Number of protein chains: 2
Amino acid sequence: MTDPVTVAVDVNGADHGPAEVARGAARAAAGGVRVLLFGPAAEIGPVAEGVSVIDAPVSIAKDPDPARAVRRTPEASIVRAVAAVAAGEADALVSGGSTGAALASSLFTFKRARGVHRPALALMIPVPGHPFLLLDAGANVEVRPEHLVQFAHMGAAFMEAVGGVASPRVALLSNGTEATKGTENVVIAHASLVDAPGLNFVGNVEGFAIGTGAADVIVADGFTGNVALKVMEGSSAALLGAVRSAAMSSWRSKLGGMLLRPALRGLRNELSPEEQGGAVLLGLRKLAVVPHGSFGALGFQRAIEVAARGVREDVAGRTHARLQAAGALRRASDPAASVPDES
Amino acid sequence: MTDPVTVAVDVNGADHGPAEVARGAARAAAGGVRVLLFGPAAEIGPVAEGVSVIDAPVSIAKDPDPARAVRRTPEASIVRAVAAVAAGEADALVSGGSTGAALASSLFTFKRARGVHRPALALMIPVPGHPFLLLDAGANVEVRPEHLVQFAHMGAAFMEAVGGVASPRVALLSNGTEATKGTENVVIAHASLVDAPGLNFVGNVEGFAIGTGAADVIVADGFTGNVALKVMEGSSAALLGAVRSAAMSSWRSKLGGMLLRPALRGLRNELSPEEQGGAVLLGLRKLAVVPHGSFGALGFQRAIEVAARGVREDVAGRTHARLQAAGALRRASDPAASVPDES
């Protein structure tokens with residue numbers, strides 16, 4: 001590797017403001033990544049070495065119709081950041097503004113990677129002791145079996161390249177572990193994944209697998225994946241809230257809660273979604289990382305690092321190699337795709 | 001109400017043995033329910049007033065193919081208990097053995113309720129402060145929009161009759177709250193639920209709603225519902241395990257955990273699935289309650305009470321009235337149904 005990787009970052013829309021994103025960029029730049037910040041230069045302020053600012057004050061981060069806003073606002077910071085990546089001025093995208101705008105502009109402008117039917121949104125889930133990659137977390141509400149098959153290979157390539165897991169165990173999310181359990185899509189995908197060359201397919205997992213370390217990559221359609229992701233977040237929040245209330249119910253338990261706090265703080269840090277850098281859009285010719293708008297400098301630093309690592313470790317090339325080895329490359333055109341074809 | 005309600009209970013397969021089920025039955029009988037226990041009389045032992053034993057020692061609770069076992073084993077306790085309900089000797093079924101055998105025998109023998117397309121498995125989820133009913137939790141992996149519409153009415157009728165919630169808020173589980181979000185099935189079901197007379201439809205909820213009290217009844221297809229249910233259980237278990245580990249990480253946090261324990265025990269009891277009695281199969285002409293095999297006397301007592309309350313409060317009649325008022329009764333035959341039609 002000779003040239004450093006360059007990551008284009010849209011800073012508009014981040015809850016903690018452009019300067020906080022710039023702090024994350026500075027930390028990533030200290031690690032050897034070049035960063036281009038797109039946003040209001042006046043609010044970004046002075047930046048560290050390795051970080052450049054492109055003044056792009058127009059924001060569509062709060063637009064209720066991101067797809068329309070992307071089409072109508074070529075001067076928006078997210079659109080300009082995406083254009084810079086598409087033009088080769090940067091290698092990958094990070095956007096902390098509106099997820100909708102980031103997805104819409106990536107989908108419109110980046111082409112599908114060679115042989116990929118549909119891009120998918122992947123998210124590292126920080127389960128204590130055994131994090132895993134969940135995809136699709138919401139990009140494709142309705143899928144066909146061959147899409148699930150490709151998600152399996154795309155997830156394996158990412159987990160290997162960026163997660164550093166050799167021969168990642170890949171599973172289909174279903175309502176039972178047997179090969180016959182699931183929707184017709186899942187059953188068909190299962191049958192073709194069982195013998196997929198080069199893939200460590202471990203079969204179906206149930207929702208319980210969230211938290212048991214049964215797989216490194218869990219594959220679902222975007223509807224089920226999105227529901228599962230949010231159920232996870234919702235039930236964890238409800239449980240933590242109930243534990244907190246219980247800890248406030250008496251002097252005895254208040255004291256107990258106080259003594260436990262440092263240990264729980266460690267746990268909270270381990271489970272922090274900022275450490276993972278956000279969601280990753282896989283299957284396009286360029287990688288896009290979408291940190292949550294609420295992230296601080298750490299989350300943006302990690303997002304930039306994930307994007308850079310994905311480029312350096314060649315997620316795209318590995319994905320293609322895996323799809324090719326498994327005979328799972330898209331051959332005919334995919335009429336249902338919402339993303340422009342590369343050809 | 002003159003006659004007491006009679007509940008047929010299959011005791012074979014319960015993890016804690018027939019005598020433990022009989023203890024739960026005794027407590028329910030003390031509350032005025034008549035109970036018929038089907039199982040090995042020798043192991044059940046002497047029973048309380050209001051409880052009768054029908055000696056049915058043959059168990060198919062461990063059979064790997066429950067549907068086949070049900071068809072081939074008329075002398076099995078679950079098959080005899082179901083037959084007693086179908087024959088009018090009892091009003092509802094409780095089975096703590098194999099869920100598969102309980103479902104298969106109920107589906108084979110009870111007919112669909114008037115006007116119902118498909119039965120659904122419903123489960124009360126004991127979220128702290130705001131429990132809700134989730135259906136379908138796994139009976140129907142693939143559904144049509146009219147099935148989701150009926151589940152909404154069936155769930156509302158149950159929540160009103162058994163949960164005691166007036167005008168329960170009903171929601172569709174989706175990947176976004178907007179009416180346009182979700183699979184085609186969800187979008188179509190949403191459109192027809194918006195104006196459904198007599199139904200308090202509150203729109204789509206996301207997975208976050210698990211734990212925010214956004215709805216009293218959450219409707220999904222059986223695949224998504226099953227995944228959501230198990231993700232909830234899996235992520236709660238992972239989180240509690242991590243909190244427990246954190247509480248063992250130092251002397252300070254061990255002491256904190258000890259002081260907190262009584263308050264957390266209260267929470268554990270509130271969240272205990274035994275209090276809910278188990279899953280309920282709705283939409284058949286007879287009600288079937290399926291407690292978890294691991295339940296003790298309390299769980300079986302509650303299961304019997306839920307079944308009795310469902311009969312007394314006329315879940316079936318209320319379901320029919322709601323479907324009729326909403327114009328959602330099945331009219332043509334439902335070719336895809338796996339359950340014998342009543343006609």
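The values are calculated or read from the model by the stated rules, or taken from the named source; none is laboratory data. All of these numbers come straight from a predicted model, not from anything done at the bench. Using ideal geometry, Cβ is built from the backbone for each residue, glycine included, and neighbour counts are taken over all protein chains shown. The area values use the complete protein model at the heavy-atom level, side chains included, leaving out ligands, DNA and RNA. Shrake-Rupley method; radii C 1.70, N 1.55, O 1.52, S 1.80 Å.
Where strands (runs of 3 or more DSSP E) fall entirely within region A:100-214, those with at least 1 residues that are among the aromatic types (Phe, Trp, Tyr), in contact with a strand residue (DSSP E or B) (Cβ under 6 Å, 6 or more places away or on another chain) and not assigned by TED's automatic domain parsing to the domain that holds residue A:74 are at A:132-135, A:200-205. Of the numbered conditions (1) under 29 Å from residue B:245 (Cα atoms); (2) in a helix (DSSP H, G or I); (3) open to solvent by 60 Å² or more (accessible area, probe 1.4 Å); (4) more than 9 Å from chain B (Cβ to nearest Cβ), residue A:292 fails exactly one; give the number of that condition. With respect to (1) under 29 Å from residue B:245 (Cα atoms); (2) in a helix (DSSP H, G or I); (3) open to solvent by 60 Å² or more (accessible area, probe 1.4 Å); (4) more than 9 Å from chain B (Cβ to nearest Cβ), residue A:292 is out only on (2). Restricting the first member to region B:317-343 and to residues that are within 17 Å of residue B:144 (Cα to Cα) and among the hydroxyl-bearing types (Ser, Thr, Tyr), and the second to residues that are at pLDDT below 50 and exposed (fewer than 13 other Cβ atoms within 10 Å of the Cβ), the beta-carbon pairs closer than 7 Å and six or more apart or on different chains are B:333/B:341. For residue B:260, indicate whether it is open to solvent by less than 20 Å² (accessible area, probe 1.4 Å), within 14 Å of another protein chain (Cβ to nearest Cβ) and part of a helix (DSSP H, G or I). Answer is yes for this residue.
Checked against (1) over 22 Å from residue A:296 (Cα atoms); (2) touching a residue at least 24 places away in the same chain (Cβ under 8 Å); (3) surrounded by fewer than 22 Cβ atoms within 10 Å (Cβ to Cβ), residue A:90 meets all criteria but (3). Output the residues belonging to region A:295-314 that are on the phi < 0 side of the Ramachandran plot and not in a helix (DSSP H, G or I). Within region A:295-314, A:295, A:296, A:313 qualify. Per the listing A:127, A:186, A:116, the residue uniquely within 23 Å of residue A:231 (Cβ to Cβ) and surrounded by 24 or more Cβ atoms within 10 Å (Cβ to Cβ) is A:186.
Just to be sure I understand, how many residues within region B:240-257 are at the interface with chain A (Cβ under 8 Å from one of its Cβ atoms) and in a helix (DSSP H, G or I)? Total meeting the criteria: 12.
Looking only at residues in region B:135-163 that are within 14 Å of chain A (Cβ to nearest Cβ) and open to solvent by 40 Å² or more (accessible area, probe 1.4 Å), the one that is modelled with the highest pLDDT is B:144.
Considering only residues in region B:207-229 that are at pLDDT 95 or above and surrounded by fewer than 24 Cβ atoms within 10 Å (Cβ to Cβ), the one that is farthest from the chain's Cα centre (by Cα) turns out to be B:216. Criterion first (buried (at least 21 other Cβ atoms within 10 Å of the Cβ) and within 16 Å of residue A:9 (Cα to Cα)) does residue A:52 satisfy it? Judged against the criteria, residue A:52 is not a match.
Number of residues in region B:73-87 that are touching a residue at least 40 places away in the same chain (Cβ under 8 Å), of a type outside the set (Gly, Ala, Ser) and surrounded by fewer than 24 Cβ atoms within 10 Å (Cβ to Cβ): the value is 1. Applying the criterion of being at pLDDT 95 or above and surrounded by fewer than 24 Cβ atoms within 10 Å (Cβ to Cβ) to the residues of region A:1-15, the residue that is farthest from residue A:77 (Cα to Cα) is A:5.
Looking across B:228, B:279, B:326, one residue alone is more than 23 Å from residue B:85 (Cα to Cα) and within 14 Å of chain A (Cβ to nearest Cβ). It is B:228. If the condition is being of a type in the set (Ser, Thr, Tyr) and under 20 Å from residue B:299 (Cα atoms), then region B:8-67 contributes only B:52.
Quick grid of which residues meet (1) open to solvent by less than 30 Å² (accessible area, probe 1.4 Å); (2) in contact (Cβ under 8 Å) with a residue 60 or more places away in the chain:
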site	(1), (2)
A:165	no, no
A:171	yes, no
A:199	yes, yes
A:238	yes, no
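When every residue of region B:99-106 is checked against the conditions, none turns out to be under 12 Å from the mean Cα position of the chain (by Cα) and modelled with pLDDT of 95 or more. Just a yes or no: is a residue in region B:34-41 surrounded by 24 or more Cβ atoms within 10 Å (Cβ to Cβ) and of a type in the set (Gly, Ala, Ser)? There is at least one residue in region B:34-41 that is surrounded by 24 or more Cβ atoms within 10 Å (Cβ to Cβ) and of a type in the set (Gly, Ala, Ser). Once region A:297-323 is narrowed to residues that are open to solvent by less than 10 Å² (accessible area, probe 1.4 Å) and over 23 Å from residue A:199 (Cβ atoms), the residue that is farthest from the other protein chains (Cβ to nearest Cβ) is A:308. Within region A:268-286, the set of residues being closer than 17 Å to residue A:124 by Cβ, open to solvent by 20 Å² or more (accessible area, probe 1.4 Å) and of a type outside the set (Ser, Thr, Tyr) comprises A:268, A:269, A:270, A:271, A:273, A:274, A:275, A:276. Any residue that is of a type in the set (A, V, I, L, M), under 23 Å from residue B:272 (Cα atoms) and within 9 Å of another protein chain (Cβ to nearest Cβ) - is there at least one of those in region B:190-211? Taking every residue of region B:190-211 in turn, at least one turns out to be of a type in the set (A, V, I, L, M), under 23 Å from residue B:272 (Cα atoms) and within 9 Å of another protein chain (Cβ to nearest Cβ).
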